[in-house]
1. For the stretch 19-41, enumerate the residues that are touching a helix residue (DSSP H, G or I) at 6+ places or on another chain (Cβ under 6 Å) and either surrounded by 14 or more Cβ atoms within 10 Å (Cβ to Cβ) or within 17 Å of ALA91 (Cα to Cα) (or both).
2. Inside the stretch 32-68, can you point out the residues that are touching a residue at least 60 places away in the same chain (Cβ under 8 Å), over 20 Å from VAL224 (Cβ atoms) and in a strand (DSSP E or B)?
3. Can you name the number of the only condition in (1) β-branched (Val, Ile, Thr); (2) modelled with pLDDT of 95 or more; (3) open to solvent by 30 Å² or more (accessible area, probe 1.4 Å) that VAL133 fails?
4. Restricting to the stretch 108-138, what's the tally of residues that are in contact with a strand residue (DSSP E or B) (Cβ under 9 Å, 6 or more places away or on another chain) and of a type in the set (S, T, N, Q)?
5. Write out, first by first residue and then by second, each pair whose Cβ atoms fall under 9 Å of each other, whose residues are 6+ apart or on separate chains, and whose first residue, in the stretch 104-115, is within 10 Å of THR210 (Cβ to Cβ) and assigned to a strand (DSSP E or B) while the second is among the polar types (S, T, N, Q) and at pLDDT 95 or above.
6. Hey, could you check the stretch 82-107 for residues that are out of contact with any strand residue (DSSP E or B) (no Cβ under 8 Å at 6 or more places or on another chain) and under 13 Å from TYR3 (Cα atoms) and say which is least open to solvent (accessible area, probe 1.4 Å)?
Amino acid sequence: MRYAKRGPLRFTSHRDFARAFERALRRAGVPVAFSQGFTPHPKISYASAAPTGVASEAEYLEIGLQAPVEPADLCAALDSALSPGLDVLDAVVAAGGSLADRIDASRWRIELPGIESDVLRNAVSAFLTAPEVMVERMTKQGRRVFDARAAVNGIDVIERTGAPSEVAGVPCAILEMVVRQVTPSVRPDDVLSGLRVVADLEPPVPPRATRLAQGTLTAQGEIVDPLEADRDGAAIGER
């Protein structure tokens, strides 16, 4: 399944979303399968969840079912059971293999209010020409220093086609980038830290990041939706 985190619901943590999704499954009467043992859990697997505070149009999960369900019916039922801003967008039958194995990159858009596009272009140019851009971040394993440049497959300043979300009366540069999944993971704020390192770029207000896509990165720099390989029109749960 693919779902989105939009608007204020982007501040929903992964744990809070997981709880909300399990409640939505119960409200919608979805015949979800459960694990075995003393404390059975619904069979749900999440793939590369976006950080708290980041919006996304491309979050993915897998669920195991006890009976066939039509994909369109499942999407509609779960979307109605979730709060607006947590939106179920798509579902397909898993033909086999792991969903996580089909995700090795993400496309991001970052809005930077108070930053002129030319200033951002100069910072991006410095970032691209640097052989490496070392940044520091606290992780579960402690404070880590890593190269933010190596994970970035492409980065560019795009022309604004309309007013950015919740931005008015100030310049707002917009950055789009494709970032490969590496260890430790490189997040949008790590790239912004890299721009600060190479060009002293310091947004006056917090930027707003949105994940636009996740999937397999092609040689042409495009990202293939991980659900595409399973689109055959079958009911979910059929074998």
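1. The answer is ALA24, ALA28, VAL32.
2. Passing the criteria: ALA55, ILE63, LEU65.
3. For VAL133, the failing item is (3).
4. 1
5. Short answer, once both residue conditions are applied: ARG107/GLN214; TRP108/THR210; ARG109/THR210; ILE110/THR210; GLU111/THR210.
6. So the residue we want is SER83.
The values are calculated or read from the model by the stated rules, or taken from the named source; none is laboratory data. These numbers come from a predicted model, not from an experiment. Backbone-built Cβ (ideal geometry, glycine too); neighbour counts: all protein chains shown. Ligands, DNA and RNA are stripped out before the accessible areas are found, and what is left, the full protein with its side chains, is counted by its heavy atoms. Shrake-Rupley method; radii C 1.70, N 1.55, O 1.52, S 1.80 Å.
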